[in-house]
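Shown next, in structure tokens, is the structure this report addresses.
The values are calculated or read from the model by the stated rules, or taken from the named source; none is laboratory data. These numbers were taken from a predicted model, which means no experiment stands behind them. Cβ coordinates were reconstructed from backbone atoms using ideal geometry, including for glycine residues, and neighbour counts include every protein chain displayed.
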Amino acid sequence: MTNPLIVALDVPTVEEASALAKRIGDAAGAFKIGLELFGAYGPESVRAVDGPVFLDLKLHDIPTTVHRAMQSIAPLAPAMITVHALGGRAMLEAAASAKPSGTILLGVTVLTSMSDQDLFEVGLPPAGEAVPALASLAHEAGCDGIVCAPADLIRVREMLPKPFIVVTPGVRPAGADRDDQARAMTPARAIEAGADYLVVGRPITRASDPRAAAESIVAEASQ
């Protein structure tokens, strides 16, 4: 994938997801299928999308269960798939050992909706400490990359240079509403800070012309 844009198809029906993917086409490098669609439609949600799929399930369970889940997902051959780094080393290693051939395994560090106060309330250190620790663990356990908020990119890149992959949600075009992203950043700044791929949803999927919105974000990221 040379195009850094991943469009989040966070819509309620597989028909809407398929139609959006067709409208956007190759203006996006990949399309994200998350829990909403996969929970409602399962594998059909992946097969309905014409293009590479980032399957964002954030698997988090005991190692054996995650291993078997990865095996069951293998026939879908997603371009990317996520597990939650908080599942620990054994779980991450189990996922890495069972991932589909050719699929990029990503460890999710700290959700972009969580502030340091949110982390404190669940007994975790601030993101500036938690994210690098989880990124390092994911790398050691065999993940191909991680998912982290834009604000944590520089710290991660200082520890884990490319080709280790960093996918960054919480990206918003200049002037856009941040919605529920507590630690957002513009596309250009995120790429400059070390992101390989940018996940963008509502600024594209709610636009009157989703393809044009996607093209604009890719252009902004390359500045």
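So Lys58 ticks every box in (1) on the phi > 0 side of the Ramachandran plot; (2) surrounded by fewer than 18 Cβ atoms within 10 Å (Cβ to Cβ); (3) in contact (Cβ under 8 Å) with a residue 24 or more places away in the chain but one. Which box is left unticked?
So the condition that Lys58 fails would be (2).
Of the residues Ile165, Ile104, Ile154, Ile81, only one is touching a residue at least 12 places away in the same chain (Cβ under 8 Å), closer than 24 Å to Ala190 by Cα and surrounded by fewer than 18 Cβ atoms within 10 Å (Cβ to Cβ); which?
On inspection, the qualifying residue turns out to be Ile154.
When only residues in the range 95-151 that are of a type in the set (Ser, Thr, Tyr) and more than 23 Å from Pro161 (Cβ to Cβ) count, which is modelled with the highest pLDDT?
Ser97
Every residue in the range 12-28 that is in a loop (DSSP other than H, G, I, E, B) and either closer than 14 Å to Gly42 by Cα or of a type in the set (Phe, Trp, Tyr) (or both), please.
Here is the first cut: in the range 12-28, the ones in a loop (DSSP other than H, G, I, E, B) are 12-13, 28.
Matches in the range 12-28: Pro12, Thr13.
Residues in the range 185-195: is at least one assigned to a loop (DSSP other than H, G, I, E, B), surrounded by 16 or more Cβ atoms within 10 Å (Cβ to Cβ), at pLDDT 90 or above and at negative phi?
Checking the range 185-195: at least one residue is assigned to a loop (DSSP other than H, G, I, E, B), surrounded by 16 or more Cβ atoms within 10 Å (Cβ to Cβ), at pLDDT 90 or above and at negative phi.
Please work out if Ala90 is surrounded by fewer than 18 Cβ atoms within 10 Å (Cβ to Cβ) and in contact with a helix residue (DSSP H, G or I) (Cβ under 6 Å, 6 or more places away or on another chain).
yes
Just to verify a result, which residue in the range 129-151, among those that are outside any helix (DSSP H, G or I) and surrounded by fewer than 21 Cβ atoms within 10 Å (Cβ to Cβ), is farthest from the chain's Cα centre (by Cα)?
Gly142
Can you confirm whether the range 138-146 contains a residue that is free of Cβ contacts under 8 Å to residues at least 40 places away in the same chain, touching a Leu at 6+ places or on another chain (Cβ under 6 Å) and more than 23 Å from Val49 (Cβ to Cβ)?
Within the range 138-146, one or more residues are free of Cβ contacts under 8 Å to residues at least 40 places away in the same chain, touching a Leu at 6+ places or on another chain (Cβ under 6 Å) and more than 23 Å from Val49 (Cβ to Cβ).
Please specify each residue of the range 40-71 satisfying the condition of being outside any loop (DSSP other than H, G, I, E, B) and either out of contact with any helix residue (DSSP H, G or I) (no Cβ under 9 Å at 6 or more places or on another chain) or of a type in the set (Val, Ile, Thr) (or both).
Val46, Val53, Phe54, Thr64, Thr65, Val66, listed by residue number.
Restricting the search to the range 18-55, which residues are surrounded by 23 or more Cβ atoms within 10 Å (Cβ to Cβ) and basic (Lys, Arg)?
Lys32
Taking the range 64-90 only, how many residues are within 19 Å of Ser136 (Cα to Cα) and out of contact with any strand residue (DSSP E or B) (no Cβ under 7 Å at 6 or more places or on another chain)?
Residues flagged as within 19 Å of Ser136 (Cα to Cα) and out of contact with any strand residue (DSSP E or B) (no Cβ under 7 Å at 6 or more places or on another chain) within the range 64-90 amount to 5.
Would you check which residues across the range 14-37 are touching a Pro at 6+ places or on another chain (Cβ under 6 Å) and β-branched (Val, Ile, Thr) and list them?
Ile24, the sole residue that qualifies.
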